[in-house]
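S.K.: Below is a structure I'd like to ask you about.
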Amino acid sequence: MKLIRNGVLALAVLTSPVLFLACGSAAAATDACKLEIAGNDSMQYDKKELDVPASCKEVTVTLAHSGKLPAAAMGHNWVLVSTPDLAAVASAGMTAGLPADYVAPGDKRVLAHTKVVGGGQSTSVTFSTSGLKAGGDYSFLCTFPGHNALMRGKFKFG
Ligand SMILES: [Cu+2]
């Protein structure tokens, strides 16, 4: 029995550097903090949900427009909000217009956003998660007028 216990201990000591490397892998942790989403000419995102581990200090979201229509006709952006603010942010964005990327200037309810892109274009935004609460109720949407009815999803942090 004592022999077996010593054997287990030796195994633990031998494997611990491997475990340390796996946990400390910066590459894996970085990738989980980088998200990609696409919008198309049918007014749809290709994802209904985005998940980010609470360990991400910064998140980068890259939005690609996989369609062909120009921004003025079928532009898309990616806007992060607390879910209860979604309708109000969409409404304020509509008034702000395309030059403002359909985001009302100084709107504190907007937690992060990209600019508006048209077909074939892509854009990205990097933001700090310091203002987000793990397990909070967040949503993303496109604030191009009329798009948020279809273009919205859950953003899960933590
Ligand atoms: Cu859109």
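S.K.: Report the local net charge at Thr143: Lys and Arg +1, Asp and Glu -1, summed over other residues whose C-beta lies under 14 Å from its C-beta.
M.R.: So the environment of Thr143 carries a net charge of 0.
S.K.: Sequence neighbours fewer than 8 away in the same chain don't count; with that in mind, list the aspartates and glutamates whose C-alpha is under 15 Å from Lys108.
M.R.: Partners within reach: Asp85.
S.K.: To continue, here is another question. Could you put His113, His65 in order of accessible surface area, largest first, with the 1.4 Å probe and the full protein assembly present?
M.R.: Largest accessible area first, the list is His113, His65.
S.K.: Arrange the peptides 98-111, 144-157 so that the one whose residues have, on average, the most other Cβ atoms within 10 Å appears first.
M.R.: 144-157, 98-111
S.K.: Evaluate the relative contact order of the stretch 28-158 (contact order divided by residue number), counting alpha-carbon pairs under 8 angstrom at least 6 apart; express in whole percent.
M.R.: Numbers: 309 pairs, mean separation 43.5, N = 131.
Relative contact order for the stretch 28-158 comes out at 33 percent.
S.K.: What FRET efficiency, computed as 1/(1 + (r/R0)^6) with R0 = 22 Å and r the Cβ-Cβ distance, is obtained for Ala72 and Asp46, rounded to the nearest 0.05?
M.R.: Details: r = 22 Å, r/R0 = 1.01.
Computed FRET efficiency for Ala72 and Asp46: 0.50.
S.K.: With every protein chain present, what is the per residue accessible area of the stretch 29-158 (1.4 Å probe, Å²)?
M.R.: Value for the stretch 29-158: 48 Å² per residue.
S.K.: Shifting gears a bit: Report the net charge of residues surrounding Ser55, where surrounding means a beta-carbon distance below 14 angstrom and charges are Lys +1, Arg +1, Asp -1, Glu -1.
M.R.: 0
S.K.: Still on this model: Counting only protein heavy atoms and a 1.4 Å probe, tell me what percentage of the stretch 22-126's accessible area is made up of carbon and sulfur.
M.R.: Accessible surface attributable to carbon and sulfur in the stretch 22-126 totals 55 percent.
The values are calculated or read from the model by the stated rules, or taken from the named source; none is laboratory data. Quick caveat: nothing in here was measured; it's all calculated off a predicted structure. A quick note on method: Cβ atoms are made from the backbone with ideal geometry, for glycine too, and the neighbour counts reach across all protein chains shown. Just the protein is used for accessible areas: all its heavy atoms, side chains included, with ligands, DNA and RNA removed. Shrake-Rupley method; radii C 1.70, N 1.55, O 1.52, S 1.80 Å.
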